[in-house]
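The values are calculated or read from the model by the stated rules, or taken from the named source; none is laboratory data. Note that this is a predicted model, so its numbers are computed, not measured. So basically every Cβ, Gly included, is an ideal-geometry build from the backbone, and we count neighbours across all protein chains shown.
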Amino acid sequence: MLVEILDDYEAMSNRAAEVVIDQIRRKPDSTIGFATGSTPKGLYDRLIEAHKTRGLDFSKLTTFNLDEYVGLPPSHDQSYAHYMWTNLFDHVNVDPSKIHIPHGMADDIDEHCRWYERRIEEAGGIDLQILGIGANGHIAFNEPGSSLGSRTRIKTLTSKTVEDNARFFDDPEMVPEYALTMGVGTIMEAEEVLLLANVTNKAPAIQKTLEGPITAMVPASMMQLHRFAHLVIDETAASELEYTHHHGIAEVPDGQRS
Ligand code: GLP
């Protein structure tokens, strides 16, 4: 695993942007997996800036998002589709026909999930998957206990997640209880996974991800089995690591993959 520990959120976002921009420049027709949440917002701001000021071209990319709430139309301001359009897609020249986001209102959810997996395969797999992490070690909506070989499917959200989300909804009836999510197995097939984390409340999850046993109770711990897991985290998220001297970028020559 390549672990880079940066000073703060700004530095983390800058470094993550370098990795993504480098991928797009090296392979303009890359397939990129996008994540939602507060963590990658700084990264997306920098991608927009690179498009506007340095001509970064998104037109040949194919994109796949990790997850979406069940029961929310893409137009709902809490849907992940809405998040992606407002935080990134509306501001760059991505081809709408190459964007994939699980559809939370699909009539046949199981068929939709199988179609999503097929689309990833037909696109030649994901070159770079951007990931956040939940405070309990979840990735996408693979909550603790998720099968480590899981594929795109419907998941019941934990009562904690449902409670946490309630504040974003005016109508309590609309608070989602289910989500569609790529599985841990789907995520593991990406060529490179770029996991971002900042904020102190992520520190225990990052410690378990890097230094704990591989367990379904911490789905992110599967990063230990990934062929190229790249973690770009800030000092606060790294604050509970025991072996920071092994993880620090100073120890890892540029481009070295381990
Ligand atoms: C949700 C999303 C995840 C995200 C996580 C952390 O559970 N499904 O994909 O990584 O929240 O979100 P944040 O970045 O806001 O801390």
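With a cut-off of at least 1 residues that are modelled with pLDDT of 95 or more and either charged (D, E, K, R) or surrounded by fewer than 17 Cβ atoms within 10 Å (Cβ to Cβ) (or both), name the strands (runs of 3 or more DSSP E) lying wholly within the range 115-211.
In the range 115-211, the matching strands (runs of 3 or more DSSP E) lie at 153-156, 178-181, 192-197.
Tell me, please, whether a residue that is among the acidic types (Asp, Glu) and part of a loop (DSSP other than H, G, I, E, B) can be found in the range 13-20.
Among the residues of the range 13-20, not one is among the acidic types (Asp, Glu) and part of a loop (DSSP other than H, G, I, E, B), which makes the answer no.
What number of residues within the range 22-38 are crowded, with 18+ Cβ neighbours inside 10 Å and away from the ligand (no atom under 16 Å from the Cβ)?
Adding up the residues that qualify gives 4.
Hey, any hits in the range 234-244 for a residue that's within 28 Å of Glu117 (Cα to Cα) and either of a type in the set (A, V, I, L, M, F, W, C) or in a helix (DSSP H, G or I) (or both)?
Taking every residue of the range 234-244 in turn, none turns out to be within 28 Å of Glu117 (Cα to Cα) and either of a type in the set (A, V, I, L, M, F, W, C) or in a helix (DSSP H, G or I) (or both).
Examine the range 93-103 for a residue that is within 14 Å of the ligand (Cβ to nearest atom) and within 27 Å of Met188 (Cα to Cα), and state whether such a residue exists. Write out each step before concluding.
Looking only at the range 93-103, we keep the residues that are within 14 Å of the ligand (Cβ to nearest atom), and these are 101-102.
Restricting the remaining residues to those that are within 27 Å of Met188 (Cα to Cα) gives 101-102.
Looking through the range 93-103, at least one residue is within 14 Å of the ligand (Cβ to nearest atom) and within 27 Å of Met188 (Cα to Cα).
Hey, does the range 51-61 have a residue that's outside any loop (DSSP other than H, G, I, E, B), more than 16 Å from the ligand (Cβ to nearest atom), closer than 22 Å to Ala190 by Cα and not charged (D, E, K, R)? Steps first, please.
So in the range 51-61, the residues outside any loop (DSSP other than H, G, I, E, B) come out as 51-54.
Adding the requirement that they be more than 16 Å from the ligand (Cβ to nearest atom) leaves 51-54.
From what is left, the residues that are closer than 22 Å to Ala190 by Cα are none.
Checking the range 51-61: not a single residue is outside any loop (DSSP other than H, G, I, E, B), more than 16 Å from the ligand (Cβ to nearest atom), closer than 22 Å to Ala190 by Cα and not charged (D, E, K, R).
What pairs can you find where one residue is in the range 148-162 and over 14 Å from Thr186 (Cα atoms) and in contact (Cβ under 8 Å) with a residue 24 or more places away in the chain, the other is within 14 Å of the ligand (Cβ to nearest atom) and among the aromatic types (Phe, Trp, Tyr), and their Cβ atoms are less than 6 Å apart, with a gap of 6+ or different chains?
Matching pairs, first to second residue: Lys155/Phe141.
Which residues, counting only those in the range 39-64, are farther than 17 Å from His100 by Cα, surrounded by 21 or more Cβ atoms within 10 Å (Cβ to Cβ) and of a type in the set (Val, Ile, Thr)?
Thr39
Can you tell me which residue in the range 121-148 is farthest from the ligand (Cβ to nearest atom), limited to those that are in contact with a helix residue (DSSP H, G or I) (Cβ under 7 Å, 6 or more places away or on another chain) and over 18 Å from Pro219 (Cβ atoms)?
For the range 121-148, the residue satisfying everything is Asp127.
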